[in-house]
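Okay, so here's the structure we're looking at.
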Amino acid sequence: MPDLLETLAGDKECAAWLAALDDPAIPRLAAALPSDLDLPDILLDLAVPHEDIAQLLALHREMTDSAELTELLERAVSGLLWRLGTPGEGTGLPDVPAAAGALGRCFAVFVFVAALPHVRALHHELGIPDDVSRHTLADLGRNLAVHRRRLGTTGLLVPWWPTRHFRGELYQLGRLQFERQRLGERTGAAVAAAGGGAGPGDPCLSVHIPDFRGPFTPRACDDSIARAREFFARHFPSEPVRVAVCHSWLLDEQLRRYLPADSNIVRFQERFELIRTPPGTAPEPEDDTPVAFVFGGTGTPRAELPRRTGLQRAVLGHLDAGGHWYLGHGWFPM
């Protein structure tokens with residue numbers, strides 16, 4: 001079985017993360033995994049797929065039987081939750097090399113489980129409703145489901161993504177997720193130039209469209225945005241938000257060439273003041289991103305992928321014609 005600690009130390013990104021955990025400014029938090037008897041119910045509360053629970057239980061024993069891994073877990077939780085509740089802080093979690101095997105793929109899951117009491121305490125302190133807390137943290141299970149759909153195994157494709165949920169930075173409010181952020185230079189300048197009442201460095205909400213929640217219809221989006229206006233004004237009154245932003249392939253204007261005007265994607269784009277790429281600037285293509293989201297990250301050759309829906313035909317047909325897909329950027333007033 002691969003040695004997780006050796007693999008982490010031998011990888012540049014992971015070694016830098018281990019070094020960051022040694023920062024003496026990080027207070028050590030008490031963090032431990034629940035018992036093997038309690039773990040399955042906790043995982044189910046986090047929407048972890050049933051087919052992943054046996055694998056996690058087997059790895060749980062490996063984690064708890066090792067003093068070194070227990071120590072690493074406590075350090076990882078302490079780093080993750082450093083300055084809990086403040087966006088952009090903490091040490092995050094690295095992408096663990098595939099050489100670390102199943103434990104490497106799942107180590108972040110155990111970090112999040114051990115961090116759970118702390119984030120729930122934060123939610124309680126902020127007055128976050130129990131249903132919002134539960135639905136937000138259940139994104140951990142959604143991300144395990146995405147890993148299984150794409151790769152057929154238990155793990156997290158992007159372990160850094162749920163750090164936002166477990167640090168009190170992101171909340172699920174109906175169909176959409178909203179992340180507490182601050183406007184960057186380019187987006188903030190565009191908002192200010194358009195008279196949006198905010199500029200670089202000001203608070204904003206970043207909008208995310210999670211998988212496995214059905215169509216993001218205009219009605220569902222309207223409901224989420226209305227919830228967000230009330231939620232953040234109530235629970236984060238010191239961060240008055242004037243705008244929401246989105247950075248996604250779903251905002252690539254080229255999609256309008258292929259999709260009907262009443263499609264959910266086009267209607268979603270219409271909510272935003274889109275920010276165009278400055279003249280003379282060549283953005284990097286993001287061709288793999290729409291393929292991964294539309295087709296589940298399959299490794300099937302492009303010619304063999306299905307073209308049953310208008311979106312499938314749009315994504316593949318554009319690439320077949322020699323085109324590229326790009327991240328789109330936009331904002332709207334809150």
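Return the loop-located GluC sites (Glu not before Pro) in region 231-334 (DSSP other than H, G, I, E, B) with at most 15 other Cβ atoms within 10 Å of their own Cβ; answer none if there are none.
Details: sites: GLU253, GLU270, GLU273, GLU286, GLU304; in loops: GLU270, GLU286.
Sites meeting the loop and neighbour criteria: GLU270.
Once you put a point 7 Å from the Cα of GLU68 and another 7 Å from the Cα of VAL266, both along the Cβ direction, what distance in nm separates them?
Taking the simple label geometry, GLU68 and VAL266 are separated by 5.9 nm.
Where the centroid of each part is defined by its Cα atoms, how far is region 16-53 from region 158-179 in Å?
17 Å
For an R0 of 45 angstrom, estimate the FRET efficiency from the Cβ-Cβ distance between THR153 and ALA193 and round to the nearest 0.05.
Working: r = 47 Å, r/R0 = 1.05.
Approximately 0.45, to the nearest 0.05.
In nm, give the distance between the simple-model label positions of ASP130 and ASP288, each being 7 Å from the Cα along the Cα-to-Cβ direction.
4.3 nm
Between PHE268, PHE110, PHE166, which gets the highest mean-square fluctuation from a Gaussian network model of the chain, Cα cutoff 10 Å?
Result: PHE268 has the largest fluctuation of those listed.
What is the packing order of peptides 99-109, 34-44, taking the mean over residues of other C-beta atoms within 10 Å and listing the highest first?
Numbers: 99-109: 21.5, 34-44: 14.0.
Highest-to-lowest ranking by the protection proxy: 99-109, 34-44.
Quick one: P(r) of region 254-301 from all Cα-Cα pairs, 10 Å bins, percents rounded to integers, in order of increasing distance.
20, 38, 37, 6
Report, to the nearest 10°, how far helix 50-65 tilts away from the longest principal axis of the Cα atoms in the chain, using its own Cα long axis and a range of 0 to 90°.
Orientation of helix 50-65: about 40 degrees from the principal axis.
Between LEU21 and SER238, how many nm apart are label points set 7 Å from Cα along the C-beta direction?
Using points 7 Å along Cα→Cβ, the separation is 3.0 nm.
Take ALA54, project a point 7 Å from its Cα along the Cβ direction, then tell me which residues of region 128-163 have their backbone nitrogen under 20 Å from it.
144-156
Calculate, for ALA303 and ARG256, the FRET efficiency according to 1/(1 + (r/R0)^6) with r their C-beta to C-beta distance and R0 25 Å; round to the nearest 0.05.
The pair ALA303/ARG256 has a calculated efficiency of 0.45.
Quickly estimate the mean residue ellipticity at 222 nm for the chain, helices only: each DSSP H run with n ≥ 4 gives -39500 (n - 2.57), and the total goes over all residues, rounded to 500.
-14500 deg cm²/dmol
Alpha carbon centre of region 258-281 versus region 296-334: separation in Å?
One Cα centre to the other: 14 Å.
Quick one: pull the percentage of alpha-carbon pairs in region 4-168 with a separation above 28 Å.
Value for region 4-168: 15 percent of Cα pairs lie more than 28 Å apart.
Taking the Cα of ALA9, stepping 7 Å toward and past its beta carbon, and measuring to each backbone N in region 42-85: which are under 16 Å?
67-73
To test your reading of the geometry: what angle, between 0 and 90 degrees and rounded to tens, separates the Cα axis of helix 101-126 from the longest principal axis of the chain?
80 degrees
Every number here is computed from the coordinates shown, using simple stated rules; none is lab data. In this text the structure is predicted, and so the values were computed from the model without any measurement. Cβ atoms come from the backbone with ideal geometry, glycine included; neighbour counts cover every protein chain shown.
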